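Report on the structure given below.
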Amino acid sequence: MGMKFGLDRVRRLLNDAGNPQKSFRTIHVVGTNGKGSTTALLAEILRHLGYKVGRITSPHLLHYRERTAINNIWIPEEAVIEFVELFRERIEKHSATFFEITTVMSAWFFLKEGVDFVVAEAGLGGRLDATRLLDGECTLFTGVELEHRRILGYTEPLIAAEKVAIARPGSTLIAFEQKPEVEEVLTAAENAGSLIRVRPEPAELSPLPGEHQRHNSGLALSAALLFSGCTKGKVQSAFEKSCRTLSWPGRLDLHAGSPPILFDVAHSPGSVEHLIEYLKKNWKIPVPAVVGFLEDKFWKEMTKQLCEVLNPVITTTPLNERSLPAGSLAEQFQKVGVEAFWRDDIGEAMTLARSIRSDLIVVTGSFFVVGYAMQYAWRNEWIDLPGKGAEQNQMFQ
């Protein structure tokens, strides 16, 4: 049903489902970058503390079912079918959108399975995001960049205000010190008494590569300390276990192979900068890459950033209605001095990249490129199975 503003549809659908959101405690995660990583880590910490934890993330990387998970196990196909069959008439009556349906299905499934906590990654924004109606007692704010300006606003302070508006009055906001203009927004909400501000510390370690992940880990650790009801020592132990067990594919995700392949869903200038830092620190650059973006991203700016670390580039077209044509992206890379070829088909782009002699291939950009490319590489036995632990077989069983 596309994208529609307003919360009335999801409110009515939640009511039809018996308001399942009242059966568990919710923690929201909002921001431009790092939402998924922070959500996954906090859910993992709470799991190691003995709680049954629901997790909502978007978009999905490998399969739709990963958007809704309990203790790392994706919602079963049977449960998806059961929800749609039970609520199809009401979904159509309310003209609910894809994201709204998924949010309500998640809450319904979490009630059905009796979870204790839900860690919910917001989709777009916060104030009008369907997950807002899960009524969280805490919000983790990972920071902002300019994105979706037509919807969220044309400045970072306006975008920040939209995102933190997911928090209900009197709830807790966990956020690092922001740039001054964004900090003014958070301070104003704090001074007005609508939010209780907590400023965390970066964690000493992180389960995921990249210096920025220490900040995401700090947010998750702070929330676990505040809301788990467990001692600091017990939470720290759970965090350390989580750093060994967390599986979160597609984030500076290196897979052994000939050559090895690095998958990274860098689709904003900030996340591209993290990728560049990682490559400069760990590899001899430039390296060949497969790249594809959605057309509503800052793709011209990102090609300028990537020209110093990627060459040659094979551009491809994401499997999404908002995709940027591979040919247009190739032309832009050529304008900034990068040798670029294009293949609309992601599999063909991957095959061409592997024909280039190199110590590494990078696959980056949209979730809708990285996820398909990872599955394609695995099915062709170029890489090992993504993930670790029992959950790794969920997509490929």
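Here are a few things to note about the model shown:
- VAL30 being touching a strand residue (DSSP E or B) at 6+ places or on another chain (Cβ under 9 Å) and touching a residue at least 40 places away in the same chain (Cβ under 8 Å): yes
- Among (1) surrounded by 17 or more Cβ atoms within 10 Å (Cβ to Cβ); (2) among the hydrophobic types (A, V, I, L, M, F, W, C); (3) touching a residue at least 24 places away in the same chain (Cβ under 8 Å) - the single one ALA256 does not satisfy: (1)
- Residues of the range 183-195 that are touching a residue at least 12 places away in the same chain (Cβ under 8 Å), exposed (fewer than 15 other Cβ atoms within 10 Å of the Cβ) and not charged (D, E, K, R): GLY193 alone.
Residues checked against (1) farther than 21 Å from ALA40 by Cβ; (2) not in a helix (DSSP H, G or I):
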site: ALA79; (1), (2): no, no
site: GLU82; (1), (2): yes, no
site: ARG90; (1), (2): yes, no
site: LEU111; (1), (2): yes, no
site: LEU140; (1), (2): no, yes
site: ILE159; (1), (2): yes, no
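- Any hit, the range 224-233, residues being in the same structural domain as VAL119 (by TED's automatic domain parsing), among the aliphatic types (A, V, I, L, M) and under 30 Å from LEU262 (Cβ atoms): yes
So that you can scan it fast, the table gives a plain yes or no per residue for (1) crowded, with 22+ Cβ neighbours inside 10 Å; (2) modelled with pLDDT of 95 or more; (3) not β-branched (Val, Ile, Thr):
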| site | (1), (2), (3) |
| --- | --- |
| PRO260 | no, yes, yes |
| HIS267 | yes, no, yes |
| VAL287 | no, yes, no |
| PHE298 | no, no, yes |
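- Test: residue in the range 174-184 that is touching a Cys at 6+ places or on another chain (Cβ under 9 Å) and outside any loop (DSSP other than H, G, I, E, B): yes
- Some residue of the range 360-369 being in contact with a Leu (Cβ under 8 Å, 6 or more places away or on another chain), assigned to a strand (DSSP E or B) and among the small types (Gly, Ala, Ser): no
- All conditions but one from (1) without any contact (Cβ under 8 Å) to a residue 60 or more places away in the chain; (2) under 24 Å from the mean Cα position of the chain (by Cα); (3) assigned by TED's automatic domain parsing to the domain that holds ILE346 apply to PRO286; the one that does not is (2).
- Hey, THR303 touching a strand residue (DSSP E or B) at 6+ places or on another chain (Cβ under 6 Å) and at pLDDT 95 or above or not: no
- Among residues of the range 154-176 that are not assigned by TED's automatic domain parsing to the domain that holds ALA130, none has a beta-carbon under 7 Å from a residue that is surrounded by fewer than 22 Cβ atoms within 10 Å (Cβ to Cβ) and small (Gly, Ala, Ser) at least six positions away or on a different chain.
- All of (1) surrounded by fewer than 21 Cβ atoms within 10 Å (Cβ to Cβ); (2) in contact with a Ser or Thr (Cβ under 7 Å, 6 or more places away or on another chain) hold for ILE45 with one exception: (1).
- Applying a threshold of 8 Å to beta carbon distances and a minimum spacing of six or more residues, or different chains, the list of pairs starting in the range 75-87 at a residue that is closer than 12 Å to PHE109 by Cα and free of Cβ contacts under 8 Å to residues at least 40 places away in the same chain and ending at one that is among the small types (Gly, Ala, Ser) and part of a helix (DSSP H, G or I) reads ILE75/SER106.
- Boolean, ILE70 is out of contact with any strand residue (DSSP E or B) (no Cβ under 6 Å at 6 or more places or on another chain) and over 20 Å from LEU219 (Cα atoms): no
- Tally, over the range 204-237, of residues that are in contact with a helix residue (DSSP H, G or I) (Cβ under 8 Å, 6 or more places away or on another chain), closer than 22 Å to GLU137 by Cβ, surrounded by fewer than 21 Cβ atoms within 10 Å (Cβ to Cβ) and of a type outside the set (S, T, N, Q): 3
- Residue check, ILE356 more than 30 Å from LEU49 (Cα to Cα), touching a residue at least 60 places away in the same chain (Cβ under 8 Å), β-branched (Val, Ile, Thr) and outside any helix (DSSP H, G or I): yes
- When residues of the range 73-105 are limited to those that are of a type in the set (Phe, Trp, Tyr) and over 22 Å from the mean Cα position of the chain (by Cα), the one surrounded by the fewest Cβ atoms within 10 Å (Cβ to Cβ): PHE87
The values are calculated or read from the model by the stated rules, or taken from the named source; none is laboratory data. As the structure is a computational prediction, the values presented were derived from the model and not from experiment. Don't worry about glycine lacking a Cβ; one is built from the backbone with ideal geometry, like all the others, and counts go over all protein chains shown.
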